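S.K.: Next up is a structure, given as structure tokens.
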Amino acid sequence: MAKTIVVNIMPEETRMALLEDGELLEVSVERTHSGNVVGNIYKGKVKNVLPGMQAAFIDIGRDKNAFLYIGDTMPQAVAQPAIPEDMVMVGQDIIVQIVKDAIGTKGPRATTHLTLPGRYVVLMPTVDYIGISRRIDSSEERERLKQLAEKVRPQGMGMIVRTVAAGKTEEDLQKDIAYLHNLWNSLAARAKRSTSPTLLFRDVDLVIRIVRDYLSSDIDEFVVDNAEAFGRVCDLLKFISPELLTKAKLYQGSEDLFTHYGLSAELEKIGQRQVWLKSGGYIVIDKTEALTVIDVNTGKFVGRTNLADTVFQTNLEAAQEIARQVRLRDIGGIIIIDFIDMELEQHKQAVLSALEDKLKRDKTKTNILGLTGLGLVEMTRKKARQNFEGLLYSECPCCEGRGRVQSPETVSINVRRELRKIAAKKRWQGALTIQVHPCVATLFNKDELARMESEIGRALLVEAVPTMHPEAYSILHAGES
């Protein structure tokens, strides 16, 4: 399976795409003006403590305070509930790390359990614990890496051994942990002499994060279209993974890099609610405040043998496309999938297995909870950063995120209702001007207007205003503007 990472860099933003056999699977974007805050470490000041929410709000020097759940300030071994005021106090200085981007009206989420990621390990200076990546399957290799981790980790600190550490030597891990330990010492020293709020540590930019988190032996090519960034990538690889240096390529073509790889059209589809399957079936993706709902339909697919087989084949194809769309759109939180009802138990298990197998390639942690009594598949997926769709699109000013506006007929009835109120209260005298959106104006034809004029005893003039909100209207006294 050919894997390619494509990185397009502009002054305004950096875009990354991961392709497998030419198929787009993941996209990441980082805007220059907003940057990335996930992974950043701040010396903040407690602004407010909310016992009823078991939380505190921390001033980190940005436009929104960070939200700190009290469970994220306690030692992991402590299980009993804690009183927030016993853990943090208003005005107290506190070192926190951002684990989740600000999304919508919510500020970023913070924790006091700090992590410093390296190439092969993640240093956890505030806990005493060793973890091994769940993607390393071999029990022998897991045990070997655990023993190496015990040797190289600083006393009293924890560490997580990353997937790319499989097969690496003690020297490789030691070099990584020594760099991270020195980084922590300098960070801690800076925290002592700094006043809050202040940024103590900024995580690396998207290009370097891709090298650190994505570039491994199973990647065939790492293509970047910026000479300066390409130089930084090569310098980093010479230091951390010289064997991967040949995979880095500098694209120098005149055509836009994403267009060259046929990705521009694919990116435009990310915001679409409906996704067609090759068979003729389709899935529909709807988002709410709390969760994402995905519905599966047979669409144009009529099958070849019987209904049960048609439904099974549609669900099987949908399961693989849903796994792809979840990664591509970076959908996080609770996800509910409404597959088409299946009678046979083996069909249900086969569809679940297809979904699980496809999601194994996803670096973001997912958890499939199985089928509910209603035949719905429940799953969760960790969410840390604002997804690509969230960066590309903003809330519609017309529907305000509802996905619909009042019909022209509904608005015209609202206008008539308001006209009757004006007539009953005997407000104003003489003719009235009604300003509405053009789609509403068409409902006030000559006969309708004459009937309304007769009912309220006023002359009426309807004015179509293209710039008006489809639900808005104005009723003005003659001569007003």
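The values are calculated or read from the model by the stated rules, or taken from the named source; none is laboratory data. Note that the structure is predicted; figures quoted are calculated from it, not measured. Cβ: placed from backbone, ideal geometry, glycine included. Neighbour counts: every protein chain shown. These accessible areas exclude ligands, DNA and RNA; they are computed on the full protein's heavy atoms, side chains included. Shrake-Rupley method; radii C 1.70, N 1.55, O 1.52, S 1.80 Å.
S.K.: So, for the stretch 387-479, what is the accessible surface per residue at a probe of 1.4 Å, expressed in square angstrom?
M.R.: Per-residue value: 60 Å².
S.K.: Also: Under a cut-off of 19 Å between alpha-carbon atoms, report the aspartates and glutamates in cross-link reach of K348, not counting same-chain residues fewer than 8 places apart.
M.R.: D295, D309, E317, E321, D338, E356, D357, E378
S.K.: Please check the chain for the longest run free of GluC sites (Glu not before Pro) that are loop-located per DSSP (anything but H, G, I, E, B) and have at most 15 other Cβ atoms within 10 Å.
M.R.: 13-254
S.K.: Something else: Across the stretch 161-297, how large is the tail of the calculated P(r) beyond 26 Å, expressed as a percent of all Cα pairs?
M.R.: 53
S.K.: Given the rule -39500 (n - 2.57) for each run of at least 4 DSSP H residues, summed and divided by the residues of the chain, what is its mean residue ellipticity at 222 nm, to the nearest 500 deg cm²/dmol?
M.R.: -9500 deg cm²/dmol
S.K.: Also, I was wondering about something else. Once both labels are modelled 7 Å past Cα along the beta-carbon direction, what's the E171-L307 spacing in nm?
M.R.: It works out to 6.8 nm between the two label points.
S.K.: How far is the Cα center of the stretch 80-155 from the Cα center of the stretch 373-397, in Å?
M.R.: So the two Cα centres are separated by 25 Å.
S.K.: Protein chains only, probe 1.4 Å: how do Y473, Y393 rank by accessible area, largest first?
M.R.: Largest accessible area first, the residues go Y393, Y473.
S.K.: Where does each of V121, V164, V90 land when they are ordered by accessible area, with a 1.4 Å probe and the largest first?
M.R.: V90, V164, V121
S.K.: Can you check what the net charge comes to around R134, using other residues whose Cβ is under 10 Å from the Cβ of R134 (Lys, Arg +1; Asp, Glu -1)?
M.R.: Here the count lands on +2.
S.K.: Taking 0.36 nm per residue of separation and subtracting the Cα-Cα distance, what length does fully extending I456 through T259 add?
M.R.: Fully extending the segment from I456 to T259 adds 64.8 nm.
S.K.: May I pose another question? Excluding same-chain residues fewer than 8 positions from K383, which lysines have a Cα within less than 25 Å of its Cα?
M.R.: K3, K43, K64, K100, K106, K269, K287, K358, K360, K363, K365
S.K.: So if each residue of separation counts as 0.36 nm, and I subtract the Cα-Cα distance between N185 and M10, what length gain in nm does that give?
M.R.: Working it through step by step, the gained length comes to 59.5 nm.
S.K.: Return the distance in nm (one decimal) between the two label points of a simple spin-label model at A178 and E141, each offset 7 Å from Cα along Cα→Cβ.
M.R.: Each label point lies 7 Å from its Cα, and together they span 2.6 nm.
S.K.: Could I ask something else about it? Of the heavy-atom accessible surface of the chain (probe 1.4 angstrom), what whole percent is carbon and sulfur?
M.R.: 51
S.K.: Placing one identical point scatterer on every Cα of the chain and ignoring solvent, what is log10 I(q)/I(0) from the Debye formula at q = 0.07, 0.12, 0.14 Å⁻¹?
M.R.: Result of the Debye calculation: -0.54, -1.20, -1.41.
S.K.: Could you check what % of the DSSP bridge pairs in the stretch 160-316 are antiparallel, to the nearest 5?
M.R.: Roughly 75 percent of the beta bridges in the stretch 160-316 run antiparallel, per DSSP.
S.K.: Using a 7 Å offset from the Cα along the Cα-to-Cβ direction at both T246 and E378, what is the distance between the two label points in nm, to one decimal?
M.R.: For T246 paired with E378, the spin-label model returns 5.0 nm.
S.K.: Using a Förster distance of 51 Å, how high is the FRET efficiency between D128 and Q320, based on the Cβ-Cβ distance and rounded to 0.05?
M.R.: Efficiency for this residue pair is about 0.75.
S.K.: What FRET efficiency would be calculated for the residue pair A464, L392, taking the C-beta separation as r and a Förster radius of 45 Å, to the nearest 0.05?
M.R.: 0.90
S.K.: Let me ask something else. What's the extension gain from D93 to E345 if we count 0.36 nm per residue and subtract their Cα-Cα distance?
M.R.: The span from D93 to E345 would gain 85.1 nm if fully extended.
S.K.: I'd like the accessible area for T305, computed on protein heavy atoms only with a 1.4 Å probe and all protein chains in place. Round to 10 Å², please.
M.R.: Its accessible surface works out to 110 Å², give or take rounding.
S.K.: Quick one: ranking M16, M89 by accessible area, 1.4 Å probe, largest first, what do you get?
M.R.: M89, M16
S.K.: Please give the per residue accessible area of the stretch 178-231, computed with a probe of 1.4 Å over protein heavy atoms only, in Å².
M.R.: Ligands and nucleic acids excluded, the result is 48 Å² per residue.
S.K.: What is the helix-to-structure angle for 227-240, meaning the angle in degrees between its Cα long axis and the longest Cα principal axis of the chain, kept from 0 to 90 and rounded to the nearest 10?
M.R.: With rounding to tens, the tilt is 40 degrees.
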